[in-house]
Amino acid sequence: MAPHRRPDFDAIVVGAGAGGAAAAYYLVQAGLDTLVIERAHLPRYKACGGAIPRPALDSFPFDFEPVIEAAPAAARFTFPGLPPADIPLPDRPVAMVMRSKFDTFLLSRSGAEVLDGTLVRHVVEEPEHVRVQAGDREFTARYLVAADGAASRTARQLGLRKGRRLGGTLEAEVPLPANGRLREEYGRRAIFSFGTVAWGYAWCFPKGDHLSVGIGRFRPGRADLRKRLNRYVNRLGLRLDGNEVHGHAVPCFRVRPWPFWRGQPLEPLATRRCVLVGDAAGLVDPLIGEGIRYALASGRIAAFAIQQDDLSGYEEAVWAESVSYTHLTLPTKRIV
């Protein structure tokens with residue numbers, strides 16, 4: 001009998017976004033040989049408001065200041081027919097980032113091997129390992145982390161997220177106006193505008209020398225987001241002329257009926273050797289569609305579960321953080 005061949009890696013991470021980069025970081029910290037496969041060439045642009053609660057960053061043992069574009073001093077919430085609600089943020093609890101820089105920065109701190117510009121074509125889970133066909137090469141690993149976004153190809157191949165529902169966003173990067181009034185209005189304040197689209201909102205976030213202006217709908221259905229985005233931008237006194245508009249699918253939050261905090265996710269997020277994180281797992285704030293903090297948390301929990309050689313508790317741990325926290329917490333046992 002031929003000797004059993006050891007897998008090429010302890011873990012393969014499919015997707016180099018926030019969730020995949022976080023998983024890679026903690027996997028390598030745990031001493032696990034890790035490969036990250038990303039279909040795009042890095043760094044890559046991703047349409048995203050890029051707002052991250054500071055506690056999500058403070059849980060890492062290094063400083064993200066090199067990739068923080070801004071930290072708003074106030075937030076404004078607008079609703080049709082009502083005066084704006086302005087909330088000061090003296091402690092600057094939210095950091096604004098460009099995902100191209102943020103994701104690449106986090107991945108660079110991981111120490112994982114990275115293969116970018118390569119599409120994962122096929123994934124097969126076997127009793128002792130997972131086989132991954134990436135481009136014209138094949139790799140094996142003891143475990144696989146699927147972090148390839150809301151429309152995760154990997155999840156489909158694993159038979160997971162069959163009941164997925166997707167919403168969508170459009171976003172543009174608009175130069176920060178030189179006009180004194182507009183610069184003061186938008187340069188230090190994050191704006192959330194509800195009522196611009198059903199089951200969603202529009203936003204205007206400061207990002208250093210420019211603004212992230214976008215609109216998102218977090219339920220399936222038809223909506224002319226481009227028309228609504230143009231209308232919103234004009235209402236702000238800004239213009240989209242010459243600025244590229246990017247689109248991005250977002251998962252829709254799904255829970256069991258009330259009381260949701262005693263329930264479980266409607267669908268499994270892991271198999272024996274594969275686990276979904278971030279958008280691939282459908283993890284998103286049900287009100288504002290924000291997913292970076294969930295991606296970072298689920299990536300950490302996935303790495304911990306793989307380190308323990310047991311994915312059976314992953315869904316429960318992710319569920320507990322996704323529906324109950326006011327800031328990110330860590331698993332009881334830390335990855336060292």
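Relative to the Cα centre, what is the charge dipole magnitude of region 114-271, using +1 at the beta carbon of each Lys and Arg, -1 at the beta carbon of each Asp and Glu, and rounding to the nearest 20 debye?
Once rounded to the nearest 20, the dipole reads 860 debye.
Report the antiparallel proportion of the DSSP beta bridges in the chain as a percent, rounded to a multiple of 5.
70
Over all directions, the average projected area of the alpha-carbon convex hull for region 12-135 comes to how many nm²?
10.4
Send over the semi-axes of region 1-44's equivalent ellipsoid, whole angstrom and largest first, taken as the square roots of 5 times the C-alpha gyration tensor eigenvalues.
Equivalent ellipsoid semi-axes, largest first: 25, 14, 6 Å.
Counting Lys and Arg as +1 and Asp and Glu as -1, each charge on the Cβ, what is the dipole of the chain about the Cα centre in debye, to the nearest 20?
1120
What translational D, rounded to a whole number of µm²/s, comes out for region 11-72 from Stokes-Einstein when the hydrodynamic radius is the Kirkwood one over Cα pairs, at 25 °C and 0.890 mPa s?
184
Report the convex hull volume per residue for region 55-210, counting only C-alpha atoms, in Å³.
170
Would you mind estimating how fast the chain diffuses translationally, via Stokes-Einstein at 20 °C and 1.002 mPa s with the Kirkwood radius over Cα pairs, in µm²/s?
Stokes-Einstein gives a translational diffusion coefficient of 104 µm²/s.
Evaluate the distance, in nm, between pseudo-label points positioned 7 Å from the Cα of E316 and of R165 along their respective Cα→Cβ axes.
2.8
Quick one: what do you get for region 173-257 if you divide its Cα Rg by 2.2 N^0.38 Å?
Normalised by 2.2 N^0.38 Å, the Cα Rg of region 173-257 equals 1.18.
Using the heavy atoms of the protein chains and a 1.4 angstrom probe, tell me the accessible area per residue for the chain in square angstrom.
Result: 46 Å² per residue.
How many percent of the accessible area of the chain is carbon or sulfur, using a 1.4 Å probe?
52
I want the antiparallel fraction of DSSP beta bridges within region 20-138, as a percent rounded to 5.
Approximately 85 percent, going by the DSSP bridge assignments.
Using all C-alpha to C-alpha distances in region 119-274, build P(r) with 10 Å bins and read off the rounded percent in each one.
Result, from short to long distances: 10, 28, 24, 22, 14, 3, 0 percent.
Could you give me D for region 94-166, from Stokes-Einstein at 25 °C and 0.890 mPa s, where the hydrodynamic radius is the Kirkwood radius over C-alpha pairs? Units µm² s⁻¹, please.
In µm²/s, the coefficient is 171.
The values are calculated or read from the model by the stated rules, or taken from the named source; none is laboratory data. Model, not experiment: these values are computed from the prediction. Glycine gets a Cβ as well: all are built from the backbone with ideal geometry, and neighbour counts include every protein chain shown. The protein model used for the area step is the full one, side chains on, heavy atoms only, and it has no ligands, DNA or RNA in it. Shrake-Rupley method; radii C 1.70, N 1.55, O 1.52, S 1.80 Å.
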